[in-house]
Amino acid sequence: MNRFEDRAVPAVRTLRAYDPGHDLVALRRAAHARGLVELGSNENAYGCSPAVRRAVESCLNDLYRYPDPLGGDLKRALAARLGVQVGQLLLGNGSHEILMQCAQVFAGPGDEVLMAQYGFAVYAIAAQCSGARLVMAPALPADAAMPLGHDLDALLQRVGPATKLVYLANPNNPTGTAFSRDDLAGWLSACPAHVIVVVDEAYHEYRHEAGSAVDLLEAHPNLIVTRTFSKAHGLAALRVGYAAAHAEVIALMERVRESFNVNMLGLAAAEAALSDDNHVASVRARNAAERSRLAAALRDLGYDSLPSHTNFLLVHVGAHCETVERQLLAAGVVPRPMGGYGLAEYLRITVATAAENERLIEALTEISA
Ligand SMILES: *Cc1c(COP(=O)(O)O)cnc(C)c1O
């Protein structure tokens, strides 16, 4: 008998695939009469910049060609924007790919990879794929000032001689929590230099006023900052992410990069999105307004959510969470269940357009009636 399981490398045998949430294609096909309200993936409900459409259209005659394997134009635009050298930038097929590469390059059997409880699920998968041991520092308690957020002290306590890599999300998904740039600077100064520290800023654009870890790169050559065009820039479909780090770190990661990992449409779209500051500013403002409106409406219905620095809310639904989720789905509203994170009483809900958020509130009002 073929037992293919036994043939996989040990790291893969213990792995569970990333859970992308509900099967949206199937749900769309089943089509709720009023249309589906998709609140499960933290996408930007306001869409991308109009400049992106023009940039994508300008590529359509060249689809038979390979994309620029260096992503030179996008990297130069990013370098100018971030104040780093082109050689300090790596492009990825989404930042998911880059997060995987960090572990692939810097961790292996016998090493430890550290992350926070309730940290983004991809970190655990990346760590396990590399064959390293995953170490999880407990999150802050639910009644802390930053409920369920990263406990930076607890993380530091777990850094040891075997620690090769640490993943910090700022802000974090699924909690929506964030720590300050000063706290991060202090943490990096206390962390031994043999540890590579990845700071995932996928939601940076939603709290850019709080500063970025990019400014700390010069003082901390062991730092990797990752970002994405999937969230505030609204390009989730095109899969473009990037990392900024020391040029030698980037050069090592380049060795494992698939040569054409970012496609032609993605490169053109990301460059166009990056140039449209007004669009990002408008997304940020609309999200902030809708987020407080939605949180207040949820609170009125008896559902508390964590203070969020992102475009989603982690909502405490309670013991009957699974029932509520099923009723939401029946009403054509798709949240993200959190059982996989050990947060079975919570649903993660994207802050969407006013009309979509209204559909959620309507459905929940009916459910609690
Ligand atoms: C969405 C997300 C990402 C990755 O998104 P990509 O689409 O792969 O760029 C990375 N980190 C966090 C915390 C996220 O929520």
Check: Got a sec? Which of LEU140, LEU168 is within 23 Å of PRO337 (Cα to Cα), surrounded by 16 or more Cβ atoms within 10 Å (Cβ to Cβ) and either within 16 Å of the ligand (Cβ to nearest atom) or within 18 Å of the chain's Cα centre (by Cα) (or both)?
Finding: LEU168
Check: Which of the residues that make up segment 258-280 are within 13 Å of the ligand (Cβ to nearest atom) and either closer than 27 Å to PRO221 by Cα or not in a helix (DSSP H, G or I) (or both)?
Finding: ASN261, VAL262, ALA270
Notebook entry, point to check: Within segment 228-236, can one find any residue that is in contact (Cβ under 8 Å) with a residue 40 or more places away in the chain, assigned to a strand (DSSP E or B) and closer than 28 Å to LEU148 by Cβ?
Noted result: yes
Next item on the list: Could you pull out the residue among ARG284, ARG299, ARG255, ARG293 that is without any contact (Cβ under 8 Å) to a residue 12 or more places away in the chain, basic (Lys, Arg) and away from the ligand (no atom under 16 Å from the Cβ)?
Entry: ARG299
Notebook entry, point to check: Somewhere in segment 257-264, is a residue of a type in the set (Val, Ile, Thr) and either surrounded by fewer than 16 Cβ atoms within 10 Å (Cβ to Cβ) or closer than 17 Å to THR350 by Cα (or both)?
Noted result: no
Item checked: Matching residues in segment 77-118 - criterion: being more than 12 Å from the ligand (Cβ to nearest atom) and touching a Lys or Arg at 6+ places or on another chain (Cβ under 6 Å) -> VAL86, LEU89, PHE106, ALA107, ASP111, GLU112, LEU114
Notebook entry, point to check: What are the residues in segment 195-248 that are more than 15 Å from the ligand (Cβ to nearest atom) and closer than 16 Å to THR310 by Cα, if any?
Noted result: HIS208, GLU209, ALA210, GLY211
Notebook entry, point to check: So which helices (runs of 4 or more DSSP H) are wholly in segment 87-203 and hold at least 1 residues that are over 20 Å from ASP215 (Cα atoms)?
Noted result: 94-106, 121-130, 152-157
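Where a number appears in this text, it was derived from the coordinates with a stated rule and is not lab data. Nothing here was measured: the structure is a model prediction, and the numbers come from that model. So basically every Cβ, Gly included, is an ideal-geometry build from the backbone, and we count neighbours across all protein chains shown.
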